[in-house]
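Written below as structure tokens is the structure these notes are about.
The values are calculated or read from the model by the stated rules, or taken from the named source; none is laboratory data. What you see is a predicted model, and the numbers here were worked out from it, not measured in a lab. A quick note on method: Cβ atoms are made from the backbone with ideal geometry, for glycine too, and the neighbour counts reach across all protein chains shown. Just the protein is used for accessible areas: all its heavy atoms, side chains included, with ligands, DNA and RNA removed. Shrake-Rupley method; radii C 1.70, N 1.55, O 1.52, S 1.80 Å.
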Amino acid sequence: MKLSTYQNTAKEILKINDFGGYTVPTKGLYPFQWNWDSAITALGWMYVDEKRAWKEIEMLIAGQWQNGMLPHIIFHQESDTYFPGPDVWGAGEKLHSTSISQPPIVASMMLEMAAIATDKPLLESKLKAMLPAIVDYHLWWYRDRDPQNTGLVSSYHPWESGMDNSPAWDDALAAVPQVEWEYQRRDLNHVDSDQRPHKAQYDRYLYLVDFFKKSNFDPQIIYQNCPYKVQDIGIIAMLYKATLDLLTLCQQFKIEHQGLDQLSKELELTEQAIDQLWSDETQFYHSRNTITNELCLDQTSAGFMTVYAGLSSPEKTQILTECAQTWANSSQYSLASTIPSSEKYEPQRYWRGPIWLHINWMIAQGFEKSNQNFIAEKLQQDAKALLKESGFFEYFHADSGQGCGGDNFSWTAAIALHWILK
Ligand code: DGY
């Protein structure tokens, strides 16, 4: 098939998932607007309709809380194909939403969008209108999730990491009590159970949702008492990169906001603190469970986000390059979300092994910037092969290449248009 055929399919996927200004990740399985999905999908829309692309981010900002938080899901409409919905979360201000966030990559996507925008007056007017809200969002992360100014923000839920059932959360999540009420999962109506998290994990995901509600979403109470608190290396690195990108955009488009100096200081704090998350034992970056003060020593692709963010020193980047090479060659396709040599590696189960193409793209960017083009090229070639062999799935079996999770997936289509099909 010709490249243009794949590009047309990708554009069609965005259109079928368009719910009138926001894009669902895929119909049925995820019938609402998800934060980091939407940020990536907006980038894909730039290849179809620039006005529509900016609208995607406007719809995300429409769900912003007064404290600046951009929720992980915005429940624009009702749907009975997903659980837990707005009734369980009991949260939201202008719109029903969840009470947690997701990897804050929207500013980085806006910088990418600005670089390819052809309608410059539209770009300028949209950025002028939206960037102050994104600054508020970043300030919220640093204020609410790092009240002691450590330079390392905390996540309160595995869903906040976007990497829900990553082995890195196993110990921290095991310490969370399980909900005692009965519930009916809906994800298993759409996807095989061996590609999704286990019930024992859902029981704890839901306990945390209840805990937030019982705490009246009060940041102080949650910070003091949340039974799950993790300095998430993926979020920390993506937030750092997005803050840099946000400051670049604000400077370029002359956006004034009293919080900009604060953001520069936060960057310095993170630079000073990041090596606390390096393990001499594994020679890798990890998340830290701040309740036990222990590093989560599983090796997951989130550790490479430090290279994407430009946070790792040249020496550490060299170590991570060698690691990525071995890692990439240890499964049929690269890059598995958990290192294949781990006993926890499951090549088909959500964030415990499968390949996620938006993550491939971010890791490839990092290695390309570090002049390690061979890794970036391998990730791109493998992404192309997966797309051609299996289609536009949510994620892919790292050994068989089989498409897993939802089909006709928006961020896969977006990344295909922006990177894979180039
Ligand atoms: C889910 O429901 O599986 C989502 O990943 C939560 O964000």
Relative frequency of Cα-Cα separations exceeding 25 Å in the stretch 101-259, percent: 43 percent
Projected-area mean, the stretch 74-189, by convex hull of Cα positions, square nanometres: 10.8 nm²
With only alpha-carbon atoms in the gyration tensor, what are the semi-axes of the equivalent ellipsoid for the stretch 217-321, in Å, largest first? 26, 21, 10
Subtracting the Cα-Cα distance of Lys214 and Gln402 from 0.36 nm times their residue separation yields 63.6 nm
When the Cα centres of the stretch 343-422 and the stretch 126-195 are compared, how far apart do they sit, in Å? 22 Å
Accessible surface, the stretch 1-150, averaged per residue in Å² (probe 1.4 Å): 36 Å²
Excluding ligands, DNA and RNA, the carbon-plus-sulfur percentage of the accessible area of the stretch 272-374 with a 1.4 Å probe reads 42 percent
Taking a ≥ b ≥ c as the square roots of the Cα gyration tensor eigenvalues, with a/c under 1.5 meaning rounded and otherwise prolate when a/b beats b/c, else oblate, which class fits the stretch 378-422? oblate
Fully extended, how many nm does the chain gain between Gln252 and Asn329 (0.36 nm per residue separation, minus their Cα-Cα distance)? 23.6 nm
Stokes-Einstein translational diffusion, the stretch 143-206 - Kirkwood Rh over all Cα pairs, 0.890 mPa s, 25 °C, in µm²/s: 181 µm²/s
Can you tell me how much longer the chain between Glu12 and Asp192 gets when fully stretched, taken as 0.36 nm per residue apart minus their C-alpha distance, in nm with one decimal? 62.3 nm
Between the modelled labels at Thr282 and Lys265 (7 Å from Cα along Cα→Cβ) the distance in nm is 3.3 nm
Relative contact order, percent, of the chain when contacts are C-alpha pairs under 8 Å separated by at least 6 residues? 18 percent
In Å², what does the accessible area per residue of the stretch 301-402 work out to with a 1.4 Å probe? 35 Å²
Residues with amide H under 5 Å from that of Ala91, placed H, sequence gap 5 or more: Ser97
What helix-only [θ] at 222 nm does the chain give? Using -39500 (n - 2.57) per DSSP H run of at least 4, over all residues, to the nearest 500, the answer is -14500 deg cm²/dmol
For the stretch 1-99, state the semi-axes of the equivalent ellipsoid (square roots of 5 times the eigenvalues of the alpha-carbon gyration tensor), sorted largest first and rounded to whole angstrom. 26, 15, 9
So, for the Cα atoms of the chain, Rg and Dmax in Å stand at 19.8, 56
Residues of type aspartates and glutamates that Lys254 reaches as a straight line, Cα spacing below 16 Å, ignoring anything fewer than 8 places off in the same chain: Glu124, Asp245
Once the Cβ-Cβ distance between Asn67 and Gln318 is put in as r, and R0 is 30 Å, what FRET efficiency do you end up with, to the nearest 0.05? 0.15
Need one word for the stretch 288-422: rounded, prolate or oblate. Basis is the Cα gyration tensor (sqrt eigenvalues a ≥ b ≥ c); a/c below 1.5 gives rounded, then a/b vs b/c decides. oblate
